[in-house]
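Contents: one structure, followed by commentary.
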Amino acid sequence: MQKNKVIVICGPTASGKTALSIELAKQIHGEIVSCDSMQIYKDMNIGTAKPTPEEMQGIKHYLIGYVSPEERYSVADYKTDAKKAIKEIIQKGKMPIVVGGTGLYLDSLIYEIEYQDIKLDEEYRKKLEAEVEEEGLETLYERAKQIDAKAIEKISPNDKKRILRILEIYHATGKTKTEQEIESRKKEVEYDYKVYALDWDRQTLYDRINKRVDMMIEQGLVEEVKQILTKYDTFPTAMQGLGYKEVVEYLDGKLTKEEMIEKIKMETRRYAKRQLTWFRKNKQTIWLNAEDTIQNNINIILKDI
């Protein structure tokens with residue numbers, strides 16, 4: 001039986017995924033499923049570069065702004081929600097277009113990876129948090145590296161959330177994250193995913209990132225963070241996200257405004273580099289020249305539909 005096609009547009013942050021996907025959706029009667037681990041959150045608009053209603057141009061978007069920033073949201077949650085959205089789009093007779101830069105979320109779909117929704121051991125989490133305070137994150141990074149060297153390759157030494165996750169998975173199951181992924185890839189993939197990624201010259205991409213960060217500051221990122229911190233009773237989990245944690249450091253007096261801006265730019269450039277490494281390992285990815293016109297890249301995609 002022939003599988004339904006699903007178009008995927010991925011690539012690093014600030015690479016132009018939004019503009020390409022919306023124009024493509026207009027031309028092929030498509031709807032968009034976000035694949036972004038930060039755009040899922042409510043009230044976090046500027047720092048996540050959420051497309052505005054004007055940018056969406058009437059194209060329906062799924063999985064944007066529907067989770068409270070206080071909630072823990074797993075890759076297993078994303079996979080369930082994304083599959084539901086894809087099914088709904090197909091039932092309408094439209095073409096699903098999955099768009100975003102969160103490699104882990106994307107892999108869960110295109111490789112049908114079953115990430116176990118491991119229950120959080122609160123006591124163990126507190127113990128790890130205390131160790132971070134006392135010994136620094138680097139100690140836990142090294143421990144995670146000894147447990148699961150393959151998984152740690154894709155993780156920044158500053159990414160506390162994912163470092164702790166490697167340790168928590170091993171603590172809860174006795175298996176590494178990598179072992180679990182290998183076991184879970186045995187399920188047949190439900191859809192025919194056509195994966196495209198936008199490729200930029202590295203320096204041009206970095207210039208685009210720097211400009212985007214300046215624009216976010218102008219649009220009121222600091223004000224957005226203040227409003228979120230005021231609105232929610234507990235410190236939102238999502239405030240650990242790129243661009244948000246640096247603003248929190250600035251508001252706490254740990255960084256000057258200039259240091260905050262430079263740190264966001266630097267961390268975003270590093271993140272983009274890791275995203276490119278991640279997407280390059282996916283053998284089925286077709287790379288599009290991002291400096292070409294949107295229409296020329298759409299024409300390449302149209303050949304596969």
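Just need a number here: residues in the stretch 224-236 that are closer than 14 Å to residue 249 by Cα and surrounded by fewer than 17 Cβ atoms within 10 Å (Cβ to Cβ).
Within the stretch 224-236, residues that are closer than 14 Å to residue 249 by Cα and surrounded by fewer than 17 Cβ atoms within 10 Å (Cβ to Cβ) number 3.
Applying the selection to the stretch 152-198, what residues are hydroxyl-bearing (Ser, Thr, Tyr) and under 22 Å from residue 246 (Cβ atoms)?
156
I'd like to check something: does the stretch 217-230 contain any residue that is without any contact (Cβ under 8 Å) to a residue 40 or more places away in the chain, touching a Ser or Thr at 6+ places or on another chain (Cβ under 7 Å) and assigned to a helix (DSSP H, G or I)?
no
Which one is surrounded by the fewest Cβ atoms within 10 Å (Cβ to Cβ) among residues in the stretch 274-305 that are free of Cβ contacts under 8 Å to residues at least 40 places away in the same chain and in a helix (DSSP H, G or I)?
296
If a residue has to be part of a helix (DSSP H, G or I) and either without any contact (Cβ under 8 Å) to a residue 24 or more places away in the chain or of a type in the set (Phe, Trp, Tyr) (or both) to count, how many in the stretch 62-87 make the cut?
Summing the residues that are part of a helix (DSSP H, G or I) and either without any contact (Cβ under 8 Å) to a residue 24 or more places away in the chain or of a type in the set (Phe, Trp, Tyr) (or both) in the stretch 62-87 gives 5.
Report yes if some residue within the stretch 164-176 is in contact with a Ser or Thr (Cβ under 9 Å, 6 or more places away or on another chain) and over 30 Å from residue 49 (Cα atoms); otherwise report no.
Yes - at least one qualifying residue is present in the stretch 164-176.
From 32, 59, 46, 22, grab the single residue that is farther than 29 Å from residue 235 by Cβ, in contact with a Gly (Cβ under 8 Å, 6 or more places away or on another chain) and either assigned by TED's automatic domain parsing to the domain that holds residue 291 or in a loop (DSSP other than H, G, I, E, B) (or both).
59
Quickly run through the stretch 179-198 and pick out the residues that are modelled with pLDDT of 80 or more and over 17 Å from the mean Cα position of the chain (by Cα).
Hits for the stretch 179-198 are 188, 189, 190, 191, 192, 193, 194.
The values are calculated or read from the model by the stated rules, or taken from the named source; none is laboratory data. Since we're looking at a predicted model, the values are computed, not measured. For neighbour counting, all protein chains shown are included, and Cβ atoms are generated from backbone atoms with ideal geometry for every residue, glycine included.
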